[in-house]
Each structure stands twice: as C-alpha cells, then as structure tokens.
1. Set the Förster distance to 30 Å, then compute FRET efficiency between residue 72 and residue 201 from the Cβ-Cβ distance, nearest 0.05.
2. Calculate the length of the line joining the C-alpha centroid of the stretch 176-254 to that of the stretch 14-83, in whole Å.
3. Restrict the search to the stretch 26-90; then list the trypsin sites (Lys or Arg not before Pro) that DSSP places in a loop and that have at most 12 other Cβ atoms within 10 Å of their Cβ.
4. Can you work out D for the chain in µm² s⁻¹ from Stokes-Einstein, where Rh is the Kirkwood radius over C-alpha pairs, the temperature is 4 °C and the viscosity is 1.567 mPa s?
5. Counting helices only, and only those DSSP H runs with n ≥ 4, report the 222 nm mean residue ellipticity of the chain as the sum of -39,500 (n - 2.57) divided by its residues, in deg cm²/dmol to the nearest 500.
6. Run down the lysines and flag those whose C-alpha is under 17 Å from the C-alpha of residue 142, throwing out any fewer than 8 positions away in its chain.
7. Any chance you could get the radius of gyration and Dmax over the Cα atoms of the stretch 213-253, in Å?
8. Going by alpha carbons, how many degrees (0 to 90, nearest 10) lie between the helix axis of 242-253 and the longest principal axis of the chain?
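Every number here is computed from the coordinates shown, using simple stated rules; none is lab data. Not measured: the values here are computed from a predicted model. With ideal geometry, Cβ positions are generated from the backbone for all residues, glycine too; neighbour counts draw on all protein chains shown.
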Amino acid sequence: MSRLLYTVLLLLLLPLVPLRLLWRSLRQPEYLQHCGERFGFFGPVPDQPVIWLHCVSVGETHASAPLVELLRQRYPGHAILLTHTTPTGRAASEQLFGETVLRAYLPYDLPFAVGRFLKHFRPQVGLLMETELWFNLIHACKAKGIPLLLVNARMSAKSARGYARLGWLAEEALLELSTIAAQTKADAERLCELGAPQVLVTGNLKFDVAPSEDAMQQAGILRQLCGEGRVIFVAASTREGEEALVLDAVAQAA
C-alpha cells in the first residue's frame, strides 16, 4: 500500500516534469537532450549481456571508475551500462570512459518507465551507487530476479531521518536489495536501523581511484611552486557559496 501511494503521488506530479526539465534547461540546456530516456525510451538494444551501474552525478561517476575498470577486465564479454540523473554525470561518463561503455538516463521511478528500461537492457546485475533508493525500480528488479546491489553506500543522519519517515516503504526497499556495501560503520548502522538485514563495510571507492600520470605531473609542479615544506590545504568539489565559508574557517584557524 505504501508503494502504491508513492506511485500515485509520482503520477500526480508527472504533468510538472516537462516544466521542471524546461526550468533546469535555462541553466543547463543539456536537460532537454535525451528526454525520452527519462520515460523509458531508448535506442538500439545491446547485443551483449549487460552489467548496469547507476551513478547519479559527477561524484558517483568518478567514484565508479575503478569498479568499471575491474568489471571490464573480469567480464570482457559484457557491456557496461552507466545510467545517470544529471547531464553533468553523463558528461563525466563521456569524459572518463568515452565509447567503451553504454550510457543513458535512468528513467523516472514509475512502473511503466522502469519496466521499459529493464525490458530494453535486460541487465544481468545492477549496482546503485551511494544513496539511491528508487522504490519501484528496486521492486521491479526483485520481481524479475535481477540482483540489485547498493554499493559505496552512505547514509547521513539527516538522510536516515528522512527515510525513517517513509516507514515500511524504505524498509521494504532495503530488504529487496541483494547486497548492501557501506562506506563506513556509521553508514552501516544507520542502514540497519532503517531495516537492512545485513550491511558490509567495504570503505569508500573514491580512495581506489588512481590519479593519471598527467595529474601526478601537475601535482609535482604545484608542489614546487608552493614550496616543498609548506602545508597545502585543498577544498575540492565545493558548491556555490561554500568557498567563502572555507576561507573564513581557514582565516579563523590561522
């Protein structure tokens, strides 16, 4: 019943989706590209068995790099499909992997769109990166016998409180996942409190990313410019407005 109400709510919001895409496109025109994929309409059917990873945006896509490379080595006869939610995530996938992987937008979590997605790609296994709990998608994979894993999972206290308000809906989704691998013990404990039967602690995939030779050379040049004995503080992957907060905190600590 909880999932039915959730689906009805999504259907009621469906007429607003084109307006939302149009609004987002004012800043990022790419939101108007590949719109059909968000409703379950895709191009040619893959001619190889598919291993599917869902990476919402840029951070998850970069974190998936060592996993994608390992899967390509272990399963050379399979196609790797990366799905995204944002254009920036899709662009990061293109930059990292080029044409060596398939890519698409993950459709909205509506039964008809999810069903078309699974029927089109027929993934042998799916991996959701970090904190992606899409209730209809998870249930559809369970019903079709597709193993679905939540990997590199994180669950902040704030997110845990939000999922807790959903009650059985969140618990059912966690129970229907095949495996959950969390970044930290704290993440695992919060997931278990929400109803996950068992959670493995495997660390953060981002620490498995090996920097390129070019990046190492650039880092060496930066070290020489800044001085060998100086401490270098890096505030990476910041959002608008956060740089000022970082500079204020550094000034206070100096």
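1. 0.70
2. 24 Å
3. Of the trypsin sites (Lys or Arg not before Pro), the ones in loops of the stretch 26-90 whose Cβ has at most 12 other Cβ atoms within 10 Å are 27.
4. In µm²/s, the coefficient is 64.
5. -14000 deg cm²/dmol
6. Cα-Cα hits under 17 Å: 119.
7. Every Cα atom of the stretch 213-253 included, Rg and Dmax give 13.0, 36 Å.
8. 40 degrees
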